[in-house]
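Following: one structure in structure tokens, then a few remarks.
The values are calculated or read from the model by the stated rules, or taken from the named source; none is laboratory data. Note that the structure is a prediction, hence the values are computed from the model and not measured. Counting neighbours? That spans all protein chains shown, and the Cβs are built from the backbone with ideal geometry, glycine included. Heavy atoms of the whole protein, side chains included, go into the accessibility calculation; ligands, DNA and RNA do not. Shrake-Rupley method; radii C 1.70, N 1.55, O 1.52, S 1.80 Å.
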Amino acid sequence: MPELTFEQMLEESIKTIRNGEVVEGTVIDVKENEIILNIGYKSDGILTKQEYSNDPSVDLREVAKEGDKMDVKVLKVNDGEGQVLLTYKRLVAEKGNEKIREAFENNEVLKAPVTQILNGGLGVEIEGARVFIPASLVSDSYERDLSKYKDQEIEFIITEFNPRRNRIIGNRKQIVMDEKKELREKVLAELKVGDVTEGTVKNVTHFGAFIDLGGVDGLLHISEMSWGRVDNPKKLFSVGDKVKVLVKEINEDKIALSLKFPESNPWADASEKFAVGTITKGVVARMTDFGAFVELTPGVDALLHVSQISRAHVDKPADVLKIGQEVEVRIVDFNEADHKISLSMKALENSSEEETSEE
């Protein structure tokens, strides 16, 4: 058997490599934009900045140093100049894709930072593998401005996995909906009629305000905002206001709230303050053809019938009274059960005339 020459022995001692092969290399030099590695081949391997990371701001001198060991993938054995082109980010992405594939098959929740704000959605990375989350799947309601998610770590599930077509789609909306459902069920399980709790005004309409009770919304109807009359809820509440409310009724997932706390009920001592025969003052709150409703105190309205306005004939209350006018009246009837009080101004005229005649 003929003896091998030195060159032949050297050639046999150097391993062969193929495109796509994963090899271990030792860093022998680091520059700002490339890392040079000894991969046990006749030529050194070149790892460029673009093939190290997707982050254009990365400085290779800060992430690698001479003597470091690292696994890389061969992109091209000969780039035309006898050099071996390597990639690190694609090898990492393959591992990331494998993790994503497992999460997709097992419906597992993933967590990763948002690396890009894109047209129509968010870009996140799982160990170098990119995932796109469309704007419609970012939250349970459409969000026009997605910039607040930049660099924020978010949870999501994978709803489409097709790396060959570069389609890996994430869904955060489902996570948000599931969390809200769980929180809503927890709040509803703990909340009881009669509880006093604090909430945040979420929305204000002409008929009431929706209050966020920490995972579930309750309606504070305009009729429950005060013992007195409320014409416009927007004059009392603004979105974001903190308010303590009374849980009045719970019907499955619908919650009715109130600000009519029992201890502040103006009817509690009304029988004493407005006993029959009592002379008091009130303000005309509203009028109809048959009479005027006079507010004796916030939450206590009484009827001044048109026939009780004056001894003289009055066709309509509006002929002699106006909204906001203060009037002196006598209590002529008190029905505590129905919260009804009847008033008379005519009775005071009679009293005044009797006093004058006696004099």
I want to check the label-to-label distance for Val239 and Lys95. Put each point 7 Å from Cα in the C-beta direction and report it in nm to one decimal.
4.5
Here the equivalent ellipsoid of the chain, derived from its Cα gyration tensor, has semi-axes (largest first, whole Å) of 87, 18, 15
Loop only by DSSP, 16 or fewer other Cβ within 10 Å of the Cβ. Give me the GluC sites (Glu not before Pro) in the stretch 314-344 that pass, ordered by residue number.
Glu336
In terms of the ratio Rg/(2.2 N^0.38 Å) built on C-alpha atoms, what value belongs to the stretch 27-163?
1.26
Loop-only GluC sites (Glu not before Pro) in the stretch 16-119, please: DSSP not H, G, I, E or B, and at most 13 other Cβ atoms within 10 Å.
Glu21, Glu32, Glu66, Glu81, Glu108
For the chain, the longest principal axis of the Cα atoms and the Cα long axis of helix 346-358 enclose an angle in degrees, to the nearest 10, of 30
Cα long-axis angle, helix 173-190 against the chain (0 to 90 degrees, to the nearest 10)
40
What percent of all Cα-Cα pairs in the stretch 16-70 falls in each 5 Å bin, counting up from 0?
4, 21, 31, 23, 15, 6, 1
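Pairs of alpha-carbon atoms within less than 8 angstrom and 6+ residues apart define the contacts here; what relative contact order does the chain have, in percent? Kindly include the intermediate steps, with their values, before the conclusion.
On the way: 701 pairs, mean separation 28.3, N = 359.
Worked out over the chain, it gives 8 percent.
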Which pairs in the list Lys111/Lys192; Lys260/Lys346; Lys234/Lys340; Lys235/Lys322 are over 26 Å apart, alpha-carbon to alpha-carbon?
Lys111/Lys192; Lys260/Lys346; Lys234/Lys340
Multiply the residue separation of Gln50 and Ala275 by 0.36 nm, subtract the distance between their alpha-carbon atoms, and state the gained length in nm to one decimal.
72.1 nm
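I'd like the per residue volume of the convex hull spanned by the Cα atoms of the stretch 81-140, given in cubic angstrom. Please report the intermediate quantities before stating the final value.
On the way: hull volume 6.6 nm³, N = 60.
Once divided by residue count, the hull of the stretch 81-140 is 110 Å³.
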Given an 8 Å cut-off on Cα distances and at least 6 residues of separation, report the relative contact order of the stretch 63-199 as a percent.
18
0 to 90° range, to nearest 10: angle between helix 89-106 axis and the chain longest Cα axis:
50
State, as an integer percentage, the relative contact order of the stretch 169-271 based on alpha-carbon contacts under 8 Å between residues 6 or more apart.
26
Counting only DSSP loop positions in the stretch 175-255, the GluC sites (Glu not before Pro) whose Cβ has at most 13 other Cβ atoms within 10 Å are Glu252
Cα point-scatterer Debye curve for the stretch 21-105, base-10 log of I(q)/I(0) at q = 0.14, 0.15, 0.17, 0.21 Å⁻¹:
-0.48, -0.54, -0.67, -0.95
Relative to a virtual label point 7 Å from the Cα of Ala285 in the Cα→beta-carbon direction, which members of the stretch 181-225 show backbone nitrogen distances below 16 Å?
222-225
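Which length gain, in nm to one decimal place, applies between Lys111 and Glu155 when the Cα-Cα distance is subtracted from 0.36 nm times their residue separation? Display every interim value, and only then the final one.
Details: separation 44, 0.36 × 44 = 15.84 nm, distance 0.44 nm.
Gain in length upon complete extension: 15.4 nm.
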Taking a crude spin-label model, label points 7 Å out from Cα along the C-beta direction, the Asp71 to Ser57 distance in nm is 2.9
Under Stokes-Einstein, the stretch 100-207 at 37 °C and 0.692 mPa s, with its Kirkwood radius over C-alpha pairs, diffuses with a coefficient in µm²/s of 207
Cα→Cβ-extended label distance, 7 Å offset, between Glu326 and Glu182, nm
6.0
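How large, in percent, is the carbon and sulfur part of the accessible surface of the chain at a probe radius of 1.4 Å?
Numbers: 10000 of 21830 Å².
Looking at the chain in its full context, I get 46 percent from C and S.
Ignoring trypsin sites (Lys or Arg not before Pro) that are buried or in helix or strand per DSSP, and keeping those with at most 14 other beta carbon atoms within 10 Å, what is the longest stretch of the chain between them?
Longest run free of exposed loop sites: 193-310.
Would you mind getting the accessible area per residue of the stretch 114-156, heavy atoms of the protein chains only, 1.4 Å probe, in Å²? Don't skip to the end; give the middle numbers.
Values: 2320 Å² over 43 residues.
The answer is 54 Å² per residue.
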Roughly what percent of Cα-Cα pairs across the stretch 236-341 reach past 24 Å?
41
